[in-house]
Amino acid sequence: MKKLNWKNIIRTIFVCFATLPFLCCGYSFAPQGNYIDKRIQKVYVESFGNKTAQAEIENYVRTAFINQLIQYSRLKVVGSTEAADAIIKGTILNYNTIALSYRANTLAAEERATVTLELTFRERESGKIIWSSKNINGTVEYTLEDNINLFPIIRKNALTKLANDTAEKAFNLMMAGF
């Protein structure tokens, strides 16, 4: 019969108790929106305002926001304010692009696009603001091809990515209550 090695047993018990708080802390990686009243089930995303010179950017951002809500199972997107429990309203405050590097022929080789949003999430009936932020920023960098005819397509793809990334960031902040 083998002798019990008390050092190993004590070490195992210590490791188990030391890791237990990390396994049971309740931390989750995805914001759950637990601070939002459970009565709020249906959300309407209003058309976004656009205070920039970039045409249709508000449509890209609104669509990206609707897609974020669709992926999130707690809230349902509805097609009118009357059917909604809460409303998301946003405005694109700023959009700009800057060249990061140039080619030998002075054409831009890389650009960075930046957008700034203002968002409000409020209850429809009471008008109570659930969450708001006046300064949500998003940035995307992209490479331009040698063929200048492709610039509009590349910039449109970059704008779509910028809208999706910024909507995801804003949505996570909204659901986390930050």
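The values are calculated or read from the model by the stated rules, or taken from the named source; none is laboratory data. Bear in mind that the values here come from a model prediction, so they are computed numbers and not experimental data. Counting neighbours? That spans all protein chains shown, and the Cβs are built from the backbone with ideal geometry, glycine included.
For region 145-178, enumerate the residues that are more than 27 Å from residue 70 (Cα to Cα) and out of contact with any Lys or Arg (no Cβ under 8 Å at 6 or more places or on another chain).
Those that are more than 27 Å from residue 70 (Cα to Cα) and out of contact with any Lys or Arg (no Cβ under 8 Å at 6 or more places or on another chain): 145, 147, 148, 149, 150, 151, 152.
Which ones in region 130-178 are under 15 Å from residue 110 (Cβ atoms) and of a type in the set (Val, Ile, Thr)?
139, 140, 143, 148, 154
Looking only at region 159-178, decide whether some residue is in contact with an Asp or Glu (Cβ under 8 Å, 6 or more places away or on another chain), aliphatic (A, V, I, L, M) and on the phi < 0 side of the Ramachandran plot.
no
Conditions: (1) more than 17 Å from residue 50 (Cα to Cα); (2) in a strand (DSSP E or B). Residue 138 meets all but one. Number of the miss?
Unmet for residue 138, out of (1) more than 17 Å from residue 50 (Cα to Cα); (2) in a strand (DSSP E or B): (1).
Every residue, every condition in (1) assigned to a loop (DSSP other than H, G, I, E, B); (2) hydrophobic (A, V, I, L, M, F, W, C); (3) under 15 Å from the mean Cα position of the chain (by Cα), yes or no:
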residue: 121; (1), (2), (3): no, yes, yes
residue: 130; (1), (2), (3): no, yes, no
residue: 149; (1), (2), (3): no, no, no
residue: 154; (1), (2), (3): no, yes, no
residue: 159; (1), (2), (3): no, yes, yes
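Quick check on this structure: which one of 109, 84, 99, 104 is in contact with a Ser or Thr (Cβ under 9 Å, 6 or more places away or on another chain) and either buried (at least 18 other Cβ atoms within 10 Å of the Cβ) or not polar (S, T, N, Q) (or both)?
109
Could you please tell me which pairs satisfy a Cβ distance under 6 Å, a separation of 6+ or placement on different chains, a first residue in region 48-72 that is in contact (Cβ under 8 Å) with a residue 24 or more places away in the chain, and a second residue that is in a helix (DSSP H, G or I) and aromatic (Phe, Trp, Tyr)?
Listed by first residue and then by second, the contacts come to 68/171.
What about residue 17, is it part of a helix (DSSP H, G or I) and modelled with pLDDT under 90?
The answer is yes for residue 17.
Among the residues that make up region 44-66, is at least one of them within 27 Å of residue 176 (Cα to Cα), modelled with pLDDT under 90, outside any loop (DSSP other than H, G, I, E, B) and out of contact with any helix residue (DSSP H, G or I) (no Cβ under 9 Å at 6 or more places or on another chain)?
No; the residues of region 44-66 include none that is within 27 Å of residue 176 (Cα to Cα), modelled with pLDDT under 90, outside any loop (DSSP other than H, G, I, E, B) and out of contact with any helix residue (DSSP H, G or I) (no Cβ under 9 Å at 6 or more places or on another chain).
For region 133-178, which residues satisfy the criterion of being among the β-branched types (Val, Ile, Thr), without any contact (Cβ under 8 Å) to a residue 40 or more places away in the chain and in contact with a strand residue (DSSP E or B) (Cβ under 9 Å, 6 or more places away or on another chain)?
Answer for region 133-178, where residues must be among the β-branched types (Val, Ile, Thr), without any contact (Cβ under 8 Å) to a residue 40 or more places away in the chain and in contact with a strand residue (DSSP E or B) (Cβ under 9 Å, 6 or more places away or on another chain): 136, 139, 140, 143, 154.
Quickly run through region 67-76 and pick out the residues that are outside any helix (DSSP H, G or I), within 12 Å of residue 171 (Cβ to Cβ) and in contact with a strand residue (DSSP E or B) (Cβ under 9 Å, 6 or more places away or on another chain).
Listed by number, the list holds a single entry, 75.
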